[in-house]
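**Student:** Let me begin by handing over the structure; questions about it come next.
The values are calculated or read from the model by the stated rules, or taken from the named source; none is laboratory data. This one's a predicted model, so the numbers in the text were calculated from it and none came from an experiment. Backbone-built Cβ (ideal geometry, glycine too); neighbour counts: all protein chains shown. In case anyone asks, the SASA skips ligands and DNA or RNA and just uses the protein heavy atoms, side chains included. Shrake-Rupley method; radii C 1.70, N 1.55, O 1.52, S 1.80 Å.
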Amino acid sequence: MNVNGKPYRTIWLHPNDNSIIQVIDQRYLPHQFIIEDLATFEQVCTAIKEMHVRGAGVIGAAAAYGMYLASLEAKKNQVKDIQTFLHLAGKKLKATRPTAVNLAWAVNRQLEKIVTLNDNINLIIENSAKIAQTIAEEDVSFCQNIGKHGVKLLEDISHKKHGEVVNILTHCNAGWLGCVDNGTATSPIYEAYRRGIKVHVWVDETRPRNQGSTLTAWELGQEGVPHTIIPDNAGGHLMQHGLVDVVITGSDRTTYTGDVANKIGTYLKAVAAKDNNIPFYVALTYSAFDWEISDGVKQIPIEERDGREVKYMKGLHEGEIKEVLVTPENSPVANYGFDVTPARLITGLITERGICQPSAEGIFSLYPEKRC
Ligand code: MRU
């Protein structure tokens with residue numbers, strides 16, 4: 001998508017040095033646009049853990065590129081037991097962020113190939129580079145397809161409203177910055193906007209890291225999509241007053257029964273949407289499904305992050321990005337990164353293969369190869 005009119009992705013191989021991965025460092029947006037070079041496996045782990053890159057799609061791609069850098073390092077350091085070295089690297093990557101299943105999925109996809117290549121390091125490097133590129137390209141095209149399927153929902157609403165503005169509420173950043181390009185939840189919105197459907201997006205600020213007010217608002221603004229930032233607590237009020245036509249969020253992990261883990265606060269929006277008869281959709285690619293688990297609340301691991309994210313707010317002051325303390329210094333804080341929205345509160349899942357019911361039946365109808 002566009003940054004000052006120039007198309008970018010969130011992650012790519014350095015054009016002049018294929019041992020370096022480049023990413024948009026999202027910690028500085030919307031104030032500064034910074035591209036970071038990731039030249040080592042450790043740097044990739046840090047970039048994921050410290051959220052230089054964040055969002056399920058792009059951390060999956062980053063993990064895949066991390067495995068590629070680990071294989072380059074195995075060669076450079078003449079590692080003897082390559083398989084053990086790369087499996088340990090995979091374990092380390094998986095531990096950087098536990099909730100988004102895309103990350104473990106990408107690492108496993110790399111390892112499944114790597115084990116077949118024994119200790120042939122040149123072949124491992126060649127294949128891990130290819131797999132990382134494929135994962136990134138798939139994310140781009142799958143997100144594009146989500147847009148093509150999801151736009152029908154927005155077209156229907158626009159039709160029912162006789163061409164009046166369609167108001168969409170979204171939470172966190174499930175936009176192109178959270179993926180490799182296009183986004184999941186935002187992809188139908190961008191598609192609708194391109195087709196001339198009048199859309200307006202209510203952007204939840206998304207405390208504590210404000211992915212909505214910093215990232216979603218920025219990327220919608222770059223594309224010219226009308227939007228309004230709201231405090232996290234405002235969604236219910238807007239819904240009661242008929243100001244929200246549909247909610248679309250992303251997903252970090254969805255069980256095969258349709259329970260969805262997404263950024264903390266998503267569940268409350270789903271409850272409010274149900275109470276107000278507003279459709280609540282979740283947009284995701286197949287890499288965000290967890291085919292092993294059926295009970296999201298009991299089984300999805302929820303990341304707990306540093307309390308500093310709650311106690312301090314980051315912003316621009318006299319041209320410089322600064323952090324300020326906004327709580328009593330010594331009060332304890334809790335910082336759960338995600339919550340689980342049970343399938344019963346979800347109207348449908350928008351995937352690259354189409355829209356389905358949030359149930360095992362619905363999901364397997366789109367992914368029959370996953371049915372046991
Ligand atoms: O903690 P984050 O910023 O990585 O959380 C991101 C989200 O919760 C997104 O909504 C989710 O990853 C979907 S974007 C593909």
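**Student:** Taking the highest mean first, how do the peptides 12-23, 313-324 order by number of other beta carbon atoms within 10 angstrom per residue? Spell out each step's value before the answer.
**Tutor:** Working: 12-23: 15.4, 313-324: 10.8.
Packing order, densest peptide first, comes out as 12-23, 313-324.
**Student:** Another question about this same structure. Give the shape of the stretch 46-174 as rounded, prolate or oblate, defined through the alpha-carbon gyration tensor: a ≥ b ≥ c are the square roots of its eigenvalues, a/c under 1.5 means rounded, and otherwise the shape is prolate if a/b is larger than b/c and oblate if not. Write down the numbers at each step before the final one.
**Tutor:** Details: a/c = 4.04, a/b = 2.57, b/c = 1.57.
Verdict is prolate for the stretch 46-174.
**Student:** Sticking with this one: Say the cut-off is 26 Å between C-alpha atoms; which of Lys269/Lys311; Lys152/Lys314; Lys274/Lys314; Lys113/Lys370 go over it? Working shown, then result.
**Tutor:** Details: Lys269/Lys311 24 Å; Lys152/Lys314 38 Å; Lys274/Lys314 33 Å; Lys113/Lys370 20 Å.
With Cα atoms farther than 26 Å apart: Lys152/Lys314; Lys274/Lys314.
**Student:** Additional query: For the chain, what is one quarter of the convex hull surface built on the Cα atoms, given in nm²?
**Tutor:** On the way: hull surface 78.2 nm².
Computed as one quarter of the Cα hull surface, the answer is 19.5 nm².
**Student:** Something else: Rounded to the nearest 5, what is the percent of antiparallel bridges among the DSSP beta bridges in the stretch 147-370? Before the final figure, lay out each step's value.
**Tutor:** On the way: 16 of 35 bridges.
Counting only bridges with both partners in the stretch 147-370, antiparallel ones make up about 45 percent.
**Student:** Compute the signed sum of charges (Lys and Arg +1, Asp and Glu -1) over the other residues within less than 15 Å, Cβ to Cβ, of Asp81.
**Tutor:** Working: positive: Lys75, Lys80, Lys91; negative: Glu73, Asp119.
It works out to a net charge of +1.
**Student:** Using a cut-off of 11 Å between beta-carbons, work out the net charge of the residues near Tyr8 (Lys and Arg +1, Asp and Glu -1, Tyr8 not included). Write down the numbers at each step before the final one.
**Tutor:** Details: positive: Lys6, Arg9; negative: Asp181, Glu219.
My count for the surroundings of Tyr8 gives 0.
**Student:** Also, quick follow-up: Relative to the first principal axis of the alpha-carbon coordinates of the chain, what is the inclination of helix 266-275, with its axis defined by its Cα atoms, in degrees from 0 to 90 and to the nearest 10?
**Tutor:** Value to nearest ten degrees: 30.
**Student:** Apply the Karplus curve 6.51 cos²θ - 1.76 cosθ + 1.60, θ = phi - 60°, to the phi angles in the stretch 122-138 and return the couplings in whole Hz, x for Gly and Pro.
**Tutor:** 5, 5, 4, 4, 4, 6, 5, 5, 4, 5, 4, 4, 4, 4, 5, 5, 4
**Student:** With each run of n ≥ 4 DSSP H residues scored as -39500 (n - 2.57), what mean residue ellipticity at 222 nm is computed for the chain after dividing by its residue count and rounding to the nearest 500 deg cm²/dmol? Can you show the working numbers first?
**Tutor:** Details: 12 runs with 145 residues, N = 372.
The per-residue figure over the chain is -12000 deg cm²/dmol.
**Student:** Within the chain, what whole-number % of the accessible surface is contributed by carbon and sulfur, with the 1.4 Å probe and all protein chains included in the calculation?
**Tutor:** On the way: 8140 of 15990 Å².
Result for the chain: 51 percent of the exposed heavy-atom area is carbon or sulfur.
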